[in-house]
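Report on the following structure.
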Amino acid sequence: MNPIIRRELLEVLRTRRAVALQLGLALGCALLVLLRWPTGEVADLSGARSMQVLRVFGYGLLAGILLLVPAFPATSLVREKMKGTLALLLNSPMRPWSIYAGKLGGALGFTAVLLTMTLPAAAACYALGGTGGEGGIGALYAVLGIATLQLTTLALLVSSRAQSTDGALRATYALVLVLCVVTLAPHALLRGKTGPLVESASWLRCLSPVPAVMEVLGQGDVGSHGISAGSGVFLRYLFLAAIFSVICAAVTVAGLNHKLFDRARSAGVMTEDRSEAGQFFRRVLFLFFFDPQRRSGSTSAWVNPVMVKEFRSRRFGRSHWTMRLLAASAILSLGLSYIALTGALGWGIEVVGGALVLFQVALLILFAPSLAAGLVSAERESGTWQLLMMTPLSPGTILRGKLLSVAWPLLLLLCATLPGYIVMMTIKPELIHQVRRVVICLGLTAVFAVLLSAAVSTLFRSTAAATTASYLSLLAVCGGPLLVWLGREAPFGHPTVEAVLTIDPVAAALQASATPGFARYELLPANWWIIGSACVALLVILAVRTWQLYRPE
């Protein structure tokens, strides 16, 4: 047996978090089946009830795969690199493909254990009288298995190229979002048209496991915009996902050598080697902005030194990448508003407004944990928290500086996505009230995401564990209730769906924008009170934990 598989698998299975995850997943699936189990000696011979439960069960498993699978392999290789043990592995008699097989086998083994825990619930769905749309439970687990392999190989590829655990997690979840959601966009934009581009878009969307799962569960069109599962998607996905996994594995194995430790740095260009215009421009900038005599003064009393320290030491969020992200967000926001107002694709304002809300929420979920999950855990992991304790700064000053360093980039990011709303309000003033409600929902979502990630950061010493826990917690709150929404009217009734969606800030924003499927639920202002109360509670937890960590040991 590969020794790396044994070490990786046992290391994960012996943790309390792994046991809690296994038991929680098994219990959740069992409760889901019990919700629709026949009572009063009445059996459903048509299999309709079985299909209702199986659909929610299948979407829940898919969400679990997308959230849980990438976290472990995304930190596997980069953690070895940071500890210095990857060099020892490369110097051992083991070949690169054997090292990779060990890492891959450990990640797949843990996922296999999780899927095994769901088999009793799947068997109960089968016993209710139905097997699914296009192959039933067996086909569902086949899609989930190949999706696990696809995401694991992608995460290992990112881990082999990353330089930090939080950077690996951020890049992996961003690529998972692109793979599962963005690949559906071209087919949505070209819907109803013909030509080679349409066929290419049809194949491209088959890289995502979502259409394949929908075909297996017998749902052809949910939303009727780009997420439809046409005939043959299942086989296309198996073929493309297998090729994708092989390519990721080959690239990762080819890069497993000592070149991983050689980081080429740009030598730069001296001022004297530039053109005369370039030299003049740099001298003007140096004179008015970067003169050392201008920077020799003390920090202003109105500037938090911890915030300045975070901006200058944080590797993620540098100005050039931030400006590019803001520009791309503004362009996409304006593009969606143009589609809504001109009717270029036949989409209504409600549909495009919902797409814009989902885009903004995706940015918040992607970047908030990346920025806030390491606020305290990174200091404790690197040993610099003791240095902060030795300064005359109070815990409140430290906490404010940390939170402000995250709040400013997210505020700029939200502002960059607002031009689309401004254009829509300018042309149609009657949308002002609707846009105001959406902006309030998004603002509360941003505050909640920052406080949740920062509070989780105080509970872990490892940045990777804090980042993973932040992503999972935030996605559970924002995405978990949407699984109940998928089962609206079957098996969940309108009151149940409305009660569950009330705690979801994403659903509240979609309801505020009158998105089809959410407009008939009354979620506001109850959601504002719930999220606001949760923010106050998280702020109290964050303040108490910061004060506890600030005390001398």
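The values are calculated or read from the model by the stated rules, or taken from the named source; none is laboratory data. Note that the coordinates shown come from a computational prediction; the quantities given were computed from them, not determined experimentally. Backbone-built Cβ (ideal geometry, glycine too); neighbour counts: all protein chains shown.
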- Item | Breaking point among (1) hydrophobic (A, V, I, L, M, F, W, C); (2) more than 16 Å from T445 (Cα to Cα); (3) at pLDDT below 80, for W385 | (3)
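Regarding the stretch 475-493, can at least one residue be identified that is part of a helix (DSSP H, G or I), in contact with a Leu (Cβ under 7 Å, 6 or more places away or on another chain) and of a type in the set (V, I, T)?
Restricting attention to the stretch 475-493, the residues satisfying the condition of being part of a helix (DSSP H, G or I) are 475-486.
Going one step further and asking which of them are in contact with a Leu (Cβ under 7 Å, 6 or more places away or on another chain), we end up with 475, 481, 485.
Pick out the ones that are also of a type in the set (V, I, T) and you get none.
The answer is no; no qualifying residue exists.
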- Query: Is it the case that the stretch 309-328 has a residue that's outside the structural domain of L399 (by TED's automatic domain parsing), under 30 Å from Y100 (Cβ atoms), modelled with pLDDT of 60 or more and loosely packed, with under 15 Cβ neighbours inside 10 Å?
  - Reply: no
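Would a scan of the stretch 215-234 turn up a residue that is part of a helix (DSSP H, G or I) and either at pLDDT 90 or above or within 21 Å of L366 (Cβ to Cβ) (or both)? Spell out the reasoning first.
Here is the first cut: in the stretch 215-234, the residues part of a helix (DSSP H, G or I) are 215-216, 233-234.
Remaining after also requiring either at pLDDT 90 or above or within 21 Å of L366 (Cβ to Cβ) (or both): none.
The answer is no; no qualifying residue exists.
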- Of the criteria (1) assigned to a helix (DSSP H, G or I); (2) touching a helix residue (DSSP H, G or I) at 6+ places or on another chain (Cβ under 8 Å), which one A519 fails: (1)
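Do you know which residues across the stretch 389-407 are touching a helix residue (DSSP H, G or I) at 6+ places or on another chain (Cβ under 7 Å), in a helix (DSSP H, G or I) and over 17 Å from A454 (Cα atoms)? Spell out the reasoning first.
From the stretch 389-407, those touching a helix residue (DSSP H, G or I) at 6+ places or on another chain (Cβ under 7 Å) are 389, 393, 395, 397-399, 401-407; that's our starting set.
Those left that are additionally in a helix (DSSP H, G or I): 389, 395, 397-399, 401-407.
Hit for the stretch 389-407 is M389, nothing else.
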- State yes or no: is L414 in contact (Cβ under 8 Å) with a residue 60 or more places away in the chain and of a type in the set (A, V, I, L, M, F, W, C)? no
- Query: Between a first residue in the stretch 225-239 that is on the phi > 0 side of the Ramachandran plot and a second residue that is modelled with pLDDT of 80 or more and not basic (K, R), which pairs have beta carbons less than 9 Å apart while being 6 or more apart in sequence or on different chains?
  - Reply: G226/L184; G232/C206; G232/E215
- Query: Residue check: is V544 outside the structural domain of A18 (by TED's automatic domain parsing), over 25 Å from the mean Cα position of the chain (by Cα) and without any contact (Cβ under 8 Å) to a residue 24 or more places away in the chain?
  - Reply: yes
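Hey, among the residues in the stretch 179-194 that are within 17 Å of G64 (Cα to Cα) and at pLDDT 85 or above, which one's surrounded by the most Cβ atoms within 10 Å (Cβ to Cβ)? Write out each step before concluding.
Initial filter on the stretch 179-194 (within 17 Å of G64 (Cα to Cα)): 179-181.
Those left that are additionally at pLDDT 85 or above: 179-180.
Values: L179: 20, C180: 18.
If we take residues in the stretch 179-194 being within 17 Å of G64 (Cα to Cα) and at pLDDT 85 or above, then L179 is surrounded by the most Cβ atoms within 10 Å (Cβ to Cβ).
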- Return yes when P481 is at pLDDT 80 or above, buried (at least 23 other Cβ atoms within 10 Å of the Cβ) and out of contact with any strand residue (DSSP E or B) (no Cβ under 6 Å at 6 or more places or on another chain) and no when it is not. no
- Query: Can you spot a residue in the stretch 506-513 that is part of a loop (DSSP other than H, G, I, E, B), surrounded by 18 or more Cβ atoms within 10 Å (Cβ to Cβ) and at pLDDT below 90?
  - Reply: yes
- Query: Does the stretch 423-440 contain any residue that is surrounded by 17 or more Cβ atoms within 10 Å (Cβ to Cβ), without any contact (Cβ under 8 Å) to a residue 60 or more places away in the chain and closer than 16 Å to F367 by Cα?
  - Reply: no
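Being under 23 Å from I541 (Cβ atoms) and surrounded by fewer than 19 Cβ atoms within 10 Å (Cβ to Cβ) is the requirement here; does G396 meet it? Talk me through it step by step, then tell me what you get.
Values: under 23 Å from I541 (Cβ atoms): yes; surrounded by fewer than 19 Cβ atoms within 10 Å (Cβ to Cβ): yes.
Yes, satisfied.
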